[in-house]
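A short worksheet on the structure shown next.
Read the figures in this text as sums done on the coordinates, not as results from a lab. Remember, it's a predicted structure, so these values are computed and weren't measured experimentally. Every residue, glycine among them, receives a Cβ derived from its backbone with ideal geometry; neighbour counts consider all protein chains shown.
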Amino acid sequence: MFVVSLTYVCDMSEVDKHLNSHIEYLNKQYSNGVFLASGRKEPRIGGVILARAESREALEQILSEDPFKIYGLASYEVTEFIPSKTSPELEFLVQ
């Protein structure tokens with residue numbers, strides 16, 4: 001399990017130009033079962049993605065396809081964690 005923290009490194013007008021393609025990318029990764037949750041930070045300085053991937057390397061490859069990454073609009077911090085306790089609704093995350 002991974003938490004991906006994106007921080008915008010450009011003007012918001014550049015982010016907005018690529019927002020639709022970023023949403024298409026997110027939808028693809030949800031369909032692939034990789035992304036479990038995502039959303040923007042408040043204030044709007046970036047976003048957060050909860051992801052499930054085979055390895056950090058596999059996730060890095062997936063993240064390299066994000067238009068925000070391709071166009072250098074955000075920096076990415078990836079944190080791996082192993083869920084050991086959750087609410088009943090999220091028990092499927094516990095390994």
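Take the Cβ-Cβ distance between Asn20 and Phe81 as r, set R0 to 30 Å, and report the resulting FRET efficiency rounded to the nearest 0.05. Before the final figure, lay out each step's value.
Working: r = 31 Å, r/R0 = 1.02.
Efficiency computed from Cβ-Cβ geometry: 0.45.
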### Message
Run the numbers for Lys28 and Arg52: contour at 0.36 nm per residue of separation, minus the present Cα-Cα distance, in nm.
### Response
7.3 nm
### Message
Residue by residue through the stretch 34-50, what is 3J(HN,Hα) from phi via Karplus (6.51 cos²θ - 1.76 cosθ + 1.60, θ = phi - 60°)? Round to whole Hz and write x for glycine and proline.
### Response
7, 8, 10, 7, 7, x, 8, 6, 10, x, 6, 10, x, x, 9, 10, 9
### Query
What's the angle, to the nearest 10 degrees (0 to 90), between helix 19-31's Cα axis and the longest principal axis of the chain?
20
#### Entry: MRE, 222 nm, helices only [DSSP H, n ≥ 4, -39500 (n - 2.57), over the chain, to nearest 500]
-8500 deg cm²/dmol
### Task
Could you check which residue among Ile82, Ile45, Ile70 shows the biggest mean-square fluctuation in a GNM of the chain with a 10 Å Cα cutoff?
Ile82
